[in-house]
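Have a look at the structure below before the remarks.
The values are calculated or read from the model by the stated rules, or taken from the named source; none is laboratory data. Given the structure is predicted, the values throughout are model-derived calculations rather than measurements. Neighbour counts are summed over all protein chains in view; Cβ atoms, including those assigned to glycine, are modelled from backbone coordinates with ideal geometry.
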Amino acid sequence: MTGTICASCGFPISGPIHDTENIGADGRTRHVCDRCWHNPALFFLPREIEIHGSYAEVRVDQWRKYLGVPAGQTTLFPVVPL
Ligand SMILES: [Zn+2]
C-alpha cells in the first residue's frame with residue numbers, strides 16, 4: 001500500500017478510494033476514504049450527482065434545502081434562482 005491520505009479526515013485510506021471534484025495544488029484529484037464519502041454532513045459533487053442524477057438536480061436539491069422547500073413540493077417559481 002502506497003499510503004493514500006484522505007483529503008477530508010487525513011487518515012491513510014485502507015478501504016475503497018473515492019475521487020472528489022477537488023484538484024490539489026499538485027494538479028491531482030483529491031481522494032477521500034469510504035467513511036468520509038458516506039458522511040452526509042460532507043459535500044462531494046460526484047457523489048451528489050450519483051445520488052440525484054445530474055448537476056442541475058443537485059443544484060435544485062441544494063436550493064430546496066437552503067430555502068426549506070421539501071423535495072417534490074411544487075413551487076410557483078423555479079427553486080434555482082436565475
Ligand atoms: Zn476520510
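At a glance:
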| quantity | calculated |
| --- | --- |
| Unmet requirement for Leu45, which otherwise passes all of (1) more than 16 Å from the ligand (Cβ to nearest atom); (2) without any contact (Cβ under 8 Å) to a residue 24 or more places away in the chain | (2) |
| Filter result for the condition that a residue is over 26 Å from Trp63 (Cα atoms), within 9 Å of the ligand (Cβ to nearest atom) and either outside the structural domain of Trp63 (by TED's automatic domain parsing) or of a type in the set (A, V, I, L, M) (or both), over Cys36, Cys9 | Cys9 |
| Those residues of segment 1-32 which are over 29 Å from Ala71 (Cα atoms) and hydrophobic (A, V, I, L, M, F, W, C), in sequence order | Met1, Ile5, Cys6, Ala7, Cys9, Phe11, Ile13, Ile17, Ile23, Ala25 |
